[in-house]
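The values are calculated or read from the model by the stated rules, or taken from the named source; none is laboratory data. Everything quoted here is computed from the prediction, not taken from an experiment. All Cβ positions, even for glycine, are placed from backbone atoms using ideal geometry, and neighbour counts span all protein chains on display. Note: areas computed on protein heavy atoms with side chains; ligands, DNA, RNA excluded. Shrake-Rupley method; radii C 1.70, N 1.55, O 1.52, S 1.80 Å.
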Number of protein chains: 2
Amino acid sequence: VSVTAPEGFVASGVHCGLRKNGRLDLSLVRSLAPATGTAMFTINRMLAAPVVVSREHLDLAEPQAVVTNSGVANAATGERGLLDARATAAETGRLLGLDAEEVLVLSTGVIGALLPLSNVIAGVREAAATLSDDGGADSAAAIMTTDTRPKEAVARGSGFAVGGMAKGSGMIHPQLATMLAVLTTDYPLEPGEALDFLRPAVDASFNAISVDGECSTNDAVVLLANGASGVGRTPASDEQFALCIRRVCGELAKQIVADGEGATVLAEIAVRGAATEVEARAIAERVATSPLVKTALYGHDANWGRIAAAAGSARVDGGFAQLDPGRLSIAIDGVAVLVDGRPSGHEPALTNGHCAIDIDLALGDGGATYLTSDLSYDYVRINAEYRS
Amino acid sequence: VSVTAPEGFVASGVHCGLRKNGRLDLSLVRSLAPATGTAMFTINRMLAAPVVVSREHLDLAEPQAVVTNSGVANAATGERGLLDARATAAETGRLLGLDAEEVLVLSTGVIGALLPLSNVIAGVREAAATLSDDGGADSAAAIMTTDTRPKEAVARGSGFAVGGMAKGSGMIHPQLATMLAVLTTDYPLEPGEALDFLRPAVDASFNAISVDGECSTNDAVVLLANGASGVGRTPASDEQFALCIRRVCGELAKQIVADGEGATVLAEIAVRGAATEVEARAIAERVATSPLVKTALYGHDANWGRIAAAAGSARVDGGFAQLDPGRLSIAIDGVAVLVDGRPSGHEPALTNGHCAIDIDLALGDGGATYLTSDLSYDYVRINAEYRS
């Protein structure tokens, strides 16, 4: 199901030789009815070729199909990389009876390697020939890299559905770091509307997760809406649709963090009482990405001292987020460990795979939440060996 | 030698029960002649009690002695922590015939635990009784935490010397993160001058190193100058003194990175061609702290794609540092791996414990250098187990 759960979408996933051992490595998702859509991309300055090309295409046409390869990121590949991405879109369009500009191209994998274009073109042909309305699972499998399991989610409203698939484990961080997601819906949207629904859902989900604080060259979240459900729109249905998008994004984000490279603990960080929202977010992000906090989580150590130190070093434009050590309170798994700057003497035993970290600065109304995982031996192993 | 290399300084290091197995854990450094001095402290908002107290003392008097304990950071300890730090300074002053305000207090170790004051006071008494002009080595050993070896350096000018000791392995990052250094000199300085010499040396050394991107609650660099060499000052001797301070700081910073928790590779990152100095520094820092770059170094993988991705995500006030993927060049150990945005197809074999990463943005005149180390299994082990 997932991307093929809504009406009027077909998908497929094939192996074209970019990943080893016959693993699926090329995914195609297509709307059968004319769709509108949008995408949000990485803010890394080192944009991968497919991101450059897909942004161009979105400026020129409404997207009708998304072709994604894993194994090779087609990033830092110069002019040749742009030509390869354009050729991939053109061949996909030709096979599906679409303009090249109606096709978005996504890539994920090793940076700096050229795309083996003949493999990709062969893969596109096989993928186009095998599109089906139960191809969602193959499609979700084909976008994986170091992921240990595919990520899929579906939410249903009254008469319509939102489906989604995502990949991402290492380099997961806000601003869509090494994360790809493709969302589909048969809810009817007018051209230009999709971003209004997508952006708040992404900010509350994919942009509030971190595995290792990296920010990749290739990340993208795509939304295609084809209206094939035929439901009529009301303010209430719009609200329900917004909720469904948010639920699918939230569910996929959680799956990504839980599948973080080497992750054994999923930690939910909630900051409140910050001077501003921006500062709350900076503090939550700093704690979520601190190697010392993350190794402590791995060691099942409720090391709130490291949490306090990380919070105190959160940067915002122009300096550091405000923090008064005498007003700071921290609770871990509901146990108050620091109260108004004084250690309580109590510490929870971190025994399971979840951890809730609550930080109250008692300065203002700013709040933010963030998901993160621990930093384990396996994170080091996976990333020290990734290219070999 | 180290802090006792210059004339007129005595030091000692004793065990008072803060660290296990009889390890030295309390250091005392004292000038025998009236000294002037200064200190630079962490910019973490979560200031440790000794930092708060030492800053107060510097506002009131010229520092004549520095007492440092390891094992307990006396951070996040509220009002009680401040009282403990003040009591430590007062007892040290009483024993040495100094005002409490003439004593600086430094601490390093676990955050959130209260200082066992009776141990510290007993330690101060023993340390005061054992001060000697060959106590530098004990003093340097007594400030260690997870350090595997003491860090000491001496530079000599014409008729004067600069000595220094430092500690720091985990949490090493700019703005003096979990790093302590005490510098001494018998060069004559006027009150108020010390910072003019210390700041540029610190910016070029301790503020340009990273082990894991953390920024601690306790970091400090102290300089005491007592003029006991009796040398006369000239512009040339001032220049020589500035060079000596810089050399001692640089040497200590290098020792700290080389002793980074679990470090097996020392990497020197040089950025040039950035739009501004500030952007150059942001890019160098981002690359130096990227977990993906650091795990690749551990795997002896010249993974320049991760370097490029990290460079592209460097933040500065108001946004991201400028980077044009088509102009970016990267060389590793002198081998050009990316030239004007195109992979060269060559990659060096990273076989030894050093790695030079050169990044040229070809945009402007901004340059910066940064020292970092790799991210290894041992980093995870040490930090997952640190409190247990």
* To do: Go through the range B:14-35 and give me each residue that's touching a helix residue (DSSP H, G or I) at 6+ places or on another chain (Cβ under 7 Å), open to solvent by less than 10 Å² (accessible area, probe 1.4 Å) and of a type outside the set (A, V, I, L, M, F, W, C).
  => B:Asp25, B:Ser27
* Asked: List pairs: first in the range B:68-90 and under 19 Å from B:Ala39 (Cβ atoms) and part of a helix (DSSP H, G or I), second open to solvent by 10 Å² or more (accessible area, probe 1.4 Å) and β-branched (Val, Ile, Thr), Cβ under 6 Å, 6+ apart or cross-chain?
  -> none
* **Meets criteria (modelled with pLDDT under 95, on the phi < 0 side of the Ramachandran plot and assigned to a strand (DSSP E or B)) for B:Ala368** => yes
* All positions within the range A:234-256 that are open to solvent by 40 Å² or more (accessible area, probe 1.4 Å), in contact with a strand residue (DSSP E or B) (Cβ under 9 Å, 6 or more places away or on another chain) and free of Cβ contacts under 8 Å to residues at least 60 places away in the same chain -> A:Arg246
* **B:Val380, sole failed condition from (1) farther than 19 Å from A:Ile111 by Cα; (2) out of contact with any helix residue (DSSP H, G or I) (no Cβ under 8 Å at 6 or more places or on another chain); (3) at the interface with chain A (Cβ under 9 Å from one of its Cβ atoms)** => (2)
* Scan the range B:72-97 for residues that are away from every other protein chain (no Cβ under 13 Å), within 23 Å of the chain's Cα centre (by Cα) and open to solvent by 10 Å² or more (accessible area, probe 1.4 Å) and report the count. => 0
* **Members of the range B:4-37 found to be part of a loop (DSSP other than H, G, I, E, B), of a type in the set (Gly, Ala, Ser) and over 21 Å from the mean Cα position of the chain (by Cα), listed by number** => B:Gly8, B:Gly17, B:Gly22, B:Ala33, B:Ala35
* Asked: Which of the following residues is within 24 Å of B:Phe197 (Cβ to Cβ), within 14 Å of chain A (Cβ to nearest Cβ) and surrounded by fewer than 24 Cβ atoms within 10 Å (Cβ to Cβ): B:Arg55, B:Arg45?
  -> B:Arg55
* Say whether the condition of being open to solvent by less than 10 Å² (accessible area, probe 1.4 Å), touching a residue at least 24 places away in the same chain (Cβ under 8 Å) and in contact with a Cys (Cβ under 8 Å, 6 or more places away or on another chain) is met by at least one residue in the range B:318-341. => yes
* To do: Among the numbered conditions (1) buried (at least 22 other Cβ atoms within 10 Å of the Cβ); (2) touching an Asp or Glu at 6+ places or on another chain (Cβ under 8 Å), tell me where A:Arg272 comes up short.
  => (1)
* Spot the failing condition for A:Ile357; the list is (1) over 30 Å from A:Gly112 (Cβ atoms); (2) within 12 Å of chain B (Cβ to nearest Cβ); (3) buried (at least 19 other Cβ atoms within 10 Å of the Cβ), and only one is missed. => (2)
* Are any of the residues in the range B:360-371 surrounded by fewer than 22 Cβ atoms within 10 Å (Cβ to Cβ) and facing chain A (nearest Cβ under 7 Å)? -> no
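For every residue, the table says whether it meets (1) open to solvent by less than 10 Å² (accessible area, probe 1.4 Å); (2) basic (Lys, Arg).
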| position | (1), (2) |
| --- | --- |
| A:Val103 | yes, no |
| A:Arg125 | no, yes |
| A:Ile143 | yes, no |
| A:Glu152 | no, no |
| A:Val162 | yes, no |
| A:Glu190 | no, no |
* To do: Quick one: count up the residues across the range A:58-68 that are in contact with a Ser or Thr (Cβ under 8 Å, 6 or more places away or on another chain) and open to solvent by 10 Å² or more (accessible area, probe 1.4 Å).
  => 3
* Residues of the range A:105-123 being more than 12 Å from every other protein chain (Cβ to nearest Cβ), surrounded by fewer than 24 Cβ atoms within 10 Å (Cβ to Cβ) and in contact (Cβ under 8 Å) with a residue 60 or more places away in the chain, which ones? -> A:Pro116, A:Asn119, A:Ala122
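Rundown of residues vs (1) under 20 Å from A:Cys249 (Cα atoms); (2) part of a loop (DSSP other than H, G, I, E, B); (3) hydroxyl-bearing (Ser, Thr, Tyr), yes/no style:
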{"residue": "A:Leu106", "(1), (2), (3)": "yes, no, no"}
{"residue": "A:Gly109", "(1), (2), (3)": "no, no, no"}
{"residue": "A:Ala113", "(1), (2), (3)": "no, yes, no"}
{"residue": "A:Ala128", "(1), (2), (3)": "no, no, no"}
{"residue": "A:Asp138", "(1), (2), (3)": "yes, no, no"}
{"residue": "A:Ala141", "(1), (2), (3)": "yes, no, no"}
{"residue": "A:Thr145", "(1), (2), (3)": "yes, yes, yes"}
